[in-house]
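Structure first, then comments.
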Amino acid sequence: MEYIAPYTSDPSTFPEPIDLAHHLSRSTLAREASSVKEFYKYFAIPGIAQLAGGLPYHEYFPYDTLEAKVALPDRFKPTPNKPVEPPAAPTATSSRANEKNDGPQASKLRVPHDAGVADPLRMIDLKSALQYGTAQGYPSLYYFVREFTRKHLHPFVPYKDGPEVILTCGATDGFSKTLQAFSDEWSPSHDPIEERPGMLTEQFCYMNAIQAARPRGFNIAPVAIDNEGMLTEGPGGLKDVLDNWDFSRGRRPHLMYTVTVGQNPTSGTLSVTRRKAIYALCAKYDIIIVEDDPYYYLQYPSASQRQSHPKPLKSSGYEFLDSLIPSYLSIDYQGRVVRLDTFSKTIAPGCRLGWITAQPKLVERILRITEATTQQPSGFVQSMVAELVMGPQGSSDDGRGGAADGSGWNVAGWVRWVEGIRGNYERRMNAMCNVLKEGKYLVKSGRRNSLGEVADEQDEWAVVEKTPIFDFTTPLGGMFVWVRFDFSTHPLAKQVPAALLSQALWVLWTKKPYMCLVAPGTMFAPTEYIKKTDAFNCFRLCFAACPEEELKDISKRFNDGAQAFWRIKNKEKIDELLDDDAGMAEIGERMGVVNLMGTGMC
């Protein structure tokens, strides 16, 4: 479907975002502004005597300051922003171990108890951060995130006055609130089938999102994918799913959950052309796009299949940001995109901090949900992040930011930080993929007797047989390599079903000498049909978590395990591995095995 933008690059031509109130849940429509939170705007009036709120006295907080040793924004070496050959090993420091040789790579950060700053948009101290606050977020950090989002991350959003933001306790929290806002809970025992909500997602997807939606009664509708991501045309593509919707399953989906950069688990990254086609269909069928983008900064120019994208209509002011494929927000003239961002991949998952970007009326409704549930994220975390990027805000402020001179990173430092993070992950990605390429085939060489009939005895005749084992596409972004196996080439393929071969292979990898744990594709199947018919052919490998110096060795152990498995010709060996898996499953249930899905919507 051709995408035709109903606007020019001139902001005066931008339309108002459309009214999506008909998608809001009954409880969300009924929410009112917090009567307590409305008082907070008066707390900032200089000199006012505060007798209204039930706030503890700040001098009784047991923390005088918060201090940390933090990285300088240029600690890691970036990779080029344009498509290039795989980058060479970094020449600048890439780990804390190198600090002694390459000069200081860290600074001391300090959040003071009282910054002595009256302006709440510039105030960063424990006196305010550890107090009750507005659900929108700690004012100084909210303002920084809002300005960064609107001016630099998404400088061109084609609806009037642009988007609004609200801070969240990570993207998982943001998604949970989005589901609350746009769906009423549905139960087959109480509600008619025509009211059942539906949610579109990729054929393989981050299952925590699915597991958050299913208890609310959602009908999950997977859409076919390719190496880039969600398909618009063809069997199982978005157009096919929507045009031929079976209403006996419930309403046609009004929500789409999608990870568009470094998709978890397949690592696909959607082009601008594909985004426009998907957006046009969503506009036609009145679908809200929930864009979860934890890997947005991890877009890899060195991937050989990367296509250049159009020059941005408005520059972010930074070459690195301009080089990235833009968000759905860049084409969202109707205001139907709800974008989830997180600090989990750029600072740390444990900080539990992120933000939602959407049209103001939708953010206002999510704000009402926040006021009565989580309220603002942790004041400890928000103050530390705010001091890192903003630094002290006046002569009386004795805080210290993340820059070498004690000021904050500011936007330029933040961009340089994420650019360096991208460089390190890109080098890891290339290191793993270079090793995996060596294990894709089982190679056998030898002399065939049949050739002796046509060859002289003194001639040397050798036959090289290459049996395909697995294949993968070099990731365009993210933290994963999605590996697809061809179990039909295994010597026991006619005796053992592919799903059981897959299970046995997974067990073999966990044994010596291979000792590597990979995520089975069945963990990412949103429906039982996909799980039983295809997911067992795939495995997800994460190159982000293991020590960099061990990455090549671990990748080689993965190859060696696959090669060894393809040399098994005795069915009893497969049965033995499957028996071991049953025993491990029992132990895992007793111990409470950690969820392997990881690093998705955080």
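The values are calculated or read from the model by the stated rules, or taken from the named source; none is laboratory data. Computed from a prediction, not measured in an experiment: that's the story for all the values here. A quick note on method: Cβ atoms are made from the backbone with ideal geometry, for glycine too, and the neighbour counts reach across all protein chains shown. Surface accessibility is based on the protein's heavy atoms, side chains included, excluding ligands, DNA and RNA. Shrake-Rupley method; radii C 1.70, N 1.55, O 1.52, S 1.80 Å.
Hydrophobic (A, V, I, L, M, F, W, C) and more than 30 Å from D398 (Cβ to Cβ): does that describe F144?
It is false that F144 is hydrophobic (A, V, I, L, M, F, W, C) and more than 30 Å from D398 (Cβ to Cβ).
Taking the stated definitions as given, is K494 exposed (fewer than 12 other Cβ atoms within 10 Å of the Cβ), at pLDDT 95 or above and of a type in the set (K, R)?
When the stated conditions are applied, K494 passes them.
Which of the following residues is surrounded by fewer than 18 Cβ atoms within 10 Å (Cβ to Cβ), modelled with pLDDT under 95 and among the acidic types (D, E): D405, D471?
Just one listed residue meets the conditions, D405.
Within segment 241-266, how many residues turn out to be farther than 17 Å from R339 by Cα, open to solvent by less than 10 Å² (accessible area, probe 1.4 Å) and either in a loop (DSSP other than H, G, I, E, B) or among the polar types (S, T, N, Q) (or both)?
3
Checking D341 against (1) touching a strand residue (DSSP E or B) at 6+ places or on another chain (Cβ under 7 Å); (2) farther than 22 Å from G262 by Cα, which single condition isn't satisfied?
So D341 meets the others, but not (2).
Is it fair to say K276 is more than 26 Å from P80 (Cβ to Cβ) and touching a residue at least 12 places away in the same chain (Cβ under 8 Å)?
In short, yes.
Could you tell me whether any residue of segment 160-178 is aliphatic (A, V, I, L, M) and under 30 Å from A525 (Cβ atoms)?
Yes, segment 160-178 contains a residue that is aliphatic (A, V, I, L, M) and under 30 Å from A525 (Cβ atoms).
Quick check on segment 229-240. Is at least one of its residues in a helix (DSSP H, G or I) and among the charged types (D, E, K, R)?
yes
For residues that are β-branched (V, I, T) and surrounded by fewer than 20 Cβ atoms within 10 Å (Cβ to Cβ), tally how many sit in segment 291-334.
Looking only at that region, the number is 0.
Hey, A348 hits all of (1) under 26 Å from P326 (Cα atoms); (2) in contact with a helix residue (DSSP H, G or I) (Cβ under 6 Å, 6 or more places away or on another chain) but one; which does it fall short on?
All conditions are met except number (2).
Taking only pairs six or more apart or across chains, which ones have beta-carbon atoms under 6 Å, a first residue in segment 185-210 that is under 24 Å from V259 (Cβ atoms), and a second residue that is of a type in the set (S, T, N, Q)?
Short answer, once both residue conditions are applied: P197/S183; G198/N219; F204/T266; Y206/N264.
Determine which single condition A212 fails, assuming it passes every other condition in (1) more than 30 Å from M123 (Cα to Cα); (2) buried (at least 22 other Cβ atoms within 10 Å of the Cβ).
(2)
Can you tell me how many residues within segment 267-278 are surrounded by fewer than 24 Cβ atoms within 10 Å (Cβ to Cβ) and hydroxyl-bearing (S, T, Y)?
2
When the residues of segment 67-96 are filtered to those that are open to solvent by 40 Å² or more (accessible area, probe 1.4 Å) and either under 29 Å from D125 (Cα atoms) or not in a loop (DSSP other than H, G, I, E, B) (or both), which remaining residue is modelled with the lowest pLDDT?
R96
In the list G391, G420, which residue meets the criterion of being of a type in the set (G, A, S) and more than 22 Å from the chain's Cα centre (by Cα)?
Checking each option against the conditions leaves just G391.
I'd like the full set of residues that are polar (S, T, N, Q) and open to solvent by 70 Å² or more (accessible area, probe 1.4 Å), limited to segment 537-576.
N570
Which pairs turn up if I take residues in segment 380-400 that are in contact (Cβ under 8 Å) with a residue 12 or more places away in the chain and look for partners that are of a type in the set (S, T, Y) and open to solvent by 20 Å² or more (accessible area, probe 1.4 Å) with beta carbon separation below 6 Å, at least 6 apart in sequence or on another chain?
G391/S407
Restrict the check to segment 577-598 and report whether at least one residue is open to solvent by less than 30 Å² (accessible area, probe 1.4 Å), at pLDDT below 95 and part of a loop (DSSP other than H, G, I, E, B).
yes
State whether the residues of segment 352-359 include one that is without any contact (Cβ under 8 Å) to a residue 12 or more places away in the chain, out of contact with any helix residue (DSSP H, G or I) (no Cβ under 9 Å at 6 or more places or on another chain) and of a type outside the set (V, I, T).
No, that holds for no residue.
What helices (runs of 4 or more DSSP H) completely inside segment 109-224 contain at least 3 residues that are more than 30 Å from P312 (Cβ to Cβ)?
Answer list for segment 109-224: 126-129, 171-182, 207-213.
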